[in-house]
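The values are calculated or read from the model by the stated rules, or taken from the named source; none is laboratory data. None of the values given here were measured: they were computed from a predicted structure. Because the Cβ atoms are built from the backbone with ideal geometry, glycine has one as well, and the counts that use them run over all protein chains shown.
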Amino acid sequence: MSKHKKDANPSVRISSDVVRQIRQHARSNSKTEVCGVLIGSDANGAAHIAACIAGLNAAQGGAHVTFTQDTWEHIYKVKDRDYPEERILGWYHSHPGFGVFLSDHDTFIHKNFFSAPHQVAWVFDPHSDEEGCFGWHGQRLERLTCVSVVDQRGGEATGETGKSEPPAARDGAAVDEFEDFDEEARAGGGSGDTDLAKLARTVSTVFSYIAIFILGAVASWYLLPHLIPVGVGIDRVTGKQYMIDLKTGKPIAEMPSDAADPNIPTVPALPAADSKSAAPPANGAEKDLPAARSDKTQPASQPAASPSQKKRDDAH
């Protein structure tokens, strides 16, 4: 009998206001996990949870949540101010869309930060509205089979009108109470993580625009037609216009007739040179031409007379 009592699940009594606040906090962010701590007192092995403190500046993810240094500073600041006589009896967190259980990461957090026998873990899924409480059963964590939800307002007299609050107003109030958590954390926390995230987003945006501009410029250069400056020259012999490379000064191609510049006057072609022109012959042509003859006939050269012949000539 004593052994059964020792191994029995711990008794948990939680205020209905705390349950409502946990649900509202979880519904304020339906995509990532949120967390907080449970505040109250314990007596005779029973935990009496009377309040909760939301964990601001927590490291949130789609399937995990972590208490950071800024989160603990905020929790103890609120606890010392509002609940100086109470104790931390555990923690709560949400599982948006994947049920109620303790993952390996959740178990690690509970064993290292909430290892006291009276400390529990409350899990709420805002998508299915399922919730559960986990506590120590000997040396292992188990889902508790019995949790008492206490209405602190029990015994109050009902109103005379008998009218209930419109559902839209209730839903709006439920969300508005926790929808400013992120803004409060950014305004009051001033943490380096937030500033670093802003700087990273700014740098990423700037580099994205620069990359888009460079890619657009390269694509337009290769895909779109672009102008290449060329000069226009005239052949003095044929009178045709040619496109000229401005760097080398050499003709590129003949200018099409429909693209010729009408402002440039037409130059008539020079007449072709005839055979009697004084143009110099081509290289080597002078070797093939016959030597020019003179109109005057030159006498043929005769051999010189001998001395005996010269004497006979003188005698005659």
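Brief remarks follow.
- Considering residues of region 118-148 that are within 20 Å of Gly40 (Cα to Cα) and surrounded by fewer than 13 Cβ atoms within 10 Å (Cβ to Cβ) only, the residue modelled with the lowest pLDDT: Cys146
- Pair list, Cβ under 6 Å, 6 or more apart: region 16-35 residue in the same structural domain as Gly90 (by TED's automatic domain parsing) and free of Cβ contacts under 8 Å to residues at least 60 places away in the same chain, other residue of a type outside the set (Val, Ile, Thr) and not in a loop (DSSP other than H, G, I, E, B): Val18/Cys52; Cys35/His93
- Taking region 6-108 as the region of interest, the strands (runs of 3 or more DSSP E) fully inside it that hold 2 or more residues being crowded, with 17+ Cβ neighbours inside 10 Å and β-branched (Val, Ile, Thr) are 11-15, 35-43, 46-54.
- Within region 75-105, being touching a residue at least 60 places away in the same chain (Cβ under 8 Å) and either hydroxyl-bearing (Ser, Thr, Tyr) or farther than 30 Å from Thr145 by Cα (or both) holds for Tyr92, Ser94.
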